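Let me begin by presenting the structure, written as structure tokens, before commenting on it.
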Amino acid sequence: MTPMNGLGISTSKYTFLEPITNSYSLDSDGTDDYVNLGNSSEIKLTTTDTSEGVGMSIAIWCKADDWNVISPLASLFSCVQSGGWDLSWQGRIVFAIRTGGSYTSVQSAYKPFESESDAHYRASGWHHFACTFDGRNLNMYIDGTSEATTDIGSDDNSIEYGTGNKNTDILIGSDPGTLIGGESGTASGSASFPGLIDEVAIWDKVLDLDAVKEIFDAVDVNADTLDLTEDSGDYDYSDDLVGYWKFEEGTGTTVTDSSDNSNPGTLKNSPGWSATTPT
């Protein structure tokens with residue numbers, strides 16, 4: 001018998017969801033707070049194979065203090081400095097990546113969260129962003145829906161990063177800038193995001209729309225986030241997860257990488273913790 005809820009609506013598509021209790025998120029003041037994930041090749045991916053879906057996917061939950069603020073630019077998840085990639089808010093959500101000697105980007109509609117009539121409006125203020133690159137196509141998903149795509153016109157383009165003190169760290173909640181102290185230094189941080197951040201992940205495979213929807217829908221159905229380390233329903237990319245920061249510590253200056261790799265994040269300039277999580 002097909003499982004039904006109290007309204008007589010089938011719930012079978014959700015029976016495979018494996019939620020995890022989500023107690024904390026990171027609270028950034030938008031001035032100079034960020035999380036430094038370091039410079040490991042495990043998370044600074046380069047290889048692509050368009051036909052096999054090899055490349056990168058990133059995902060992040062965010063709640064801005066005010067989504068309608070146009071400027072200054074705020075980076076949500078970034079390692080861009082003469083190379084790399086960046087997911088930022090600048091009146092639009094923009095995902096940019098350097099390949100073939102130049103940057104290519106994909107972006108949302110202008111001010112997509114302004115009112116209830118907007119496609120991705122959520123009363124809670126939380127939004128889920130997922131972006132993918134397979135060596136040719138950049139895709140952006142907002143709240144489990146395909147938002148935009150860009151085709152750069154050729155296959156198997158590798159992801160290019162800067163060199164020297166511009167071969168910078170990956171930061172959550174800020175643009176990294178150049179490395180302080182040269183190539184062995186740490187990122188300086190700029191264009192910080194003002195608001196809450198949670199459930200940040202990187203995969204070395206391109207997520208499809210069904211997987212993105214599965215991640216997003218878990219919050220609506222169970223009021224908890226999906227455990228990305230386990231396959232569940234239409235999400236079957238746990239083996240491709242190379243970085244996963246859940247922000248469940250609630251205290252301290254380090255966040256654990258819950259993937260099979262070990263790339264913990266270091267909190268810089270004292271961002272806070274919040275008991276408000278994606279809804």
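The values are calculated or read from the model by the stated rules, or taken from the named source; none is laboratory data. For clarity, every value in this text was computed on a predicted model and none was experimentally measured. Counting neighbours? That spans all protein chains shown, and the Cβs are built from the backbone with ideal geometry, glycine included. In case anyone asks, the SASA skips ligands and DNA or RNA and just uses the protein heavy atoms, side chains included. Shrake-Rupley method; radii C 1.70, N 1.55, O 1.52, S 1.80 Å.
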Is there any pair with a first residue in the stretch 239-251 that is over 19 Å from Ile170 (Cα atoms) and a second that is part of a strand (DSSP E or B) and of a type in the set (Val, Ile, Thr) whose Cβ atoms are under 8 Å apart and which are 6 or more apart or on different chains, and what are they? Glu249/Val255
Name every residue in the stretch 238-250 that is crowded, with 22+ Cβ neighbours inside 10 Å and farther than 19 Å from Thr46 by Cα, in order of residue number. Trp245, Lys246, Phe247
Among the numbered conditions (1) at pLDDT 95 or above; (2) open to solvent by 50 Å² or more (accessible area, probe 1.4 Å); (3) more than 25 Å from Asp65 (Cα to Cα), tell me where Thr276 comes up short. (3)
Please go through the stretch 251-272 and give me each residue that is open to solvent by 60 Å² or more (accessible area, probe 1.4 Å), under 19 Å from the mean Cα position of the chain (by Cα) and under 19 Å from Thr21 (Cβ atoms), ordered by number. Thr256
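Quick one: is Glu214 assigned to a loop (DSSP other than H, G, I, E, B) and either at pLDDT below 95 or not hydroxyl-bearing (Ser, Thr, Tyr) (or both)?
Details: assigned to a loop (DSSP other than H, G, I, E, B): no; either at pLDDT below 95 or not hydroxyl-bearing (Ser, Thr, Tyr) (or both): yes.
No: the conditions fail for Glu214.
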Only one of Ser117, Ser146, Ser158 is farther than 18 Å from Gly100 by Cβ, touching a residue at least 60 places away in the same chain (Cβ under 8 Å) and open to solvent by 30 Å² or more (accessible area, probe 1.4 Å); which? Ser146
Ala130, sole failed condition from (1) open to solvent by 10 Å² or more (accessible area, probe 1.4 Å); (2) within 16 Å of the chain's Cα centre (by Cα): (1)
For residues that are of a type in the set (Asp, Glu) and open to solvent by 20 Å² or more (accessible area, probe 1.4 Å), scanning just the stretch 182-211, find the one that is modelled with the lowest pLDDT. Glu183
Filtering the stretch 223-238 down to residues that are touching a helix residue (DSSP H, G or I) at 6+ places or on another chain (Cβ under 8 Å) and either under 26 Å from Leu171 (Cβ atoms) or of a type outside the set (Gly, Ala, Ser) (or both) yields Asp224, Thr225, Leu226, Leu228, Thr229, Glu230, Asp231, Asp234, Tyr235, Asp236, Tyr237
Can you find even one residue in the stretch 214-237 that is closer than 20 Å to Met140 by Cα, among the hydroxyl-bearing types (Ser, Thr, Tyr) and open to solvent by 10 Å² or more (accessible area, probe 1.4 Å)? yes
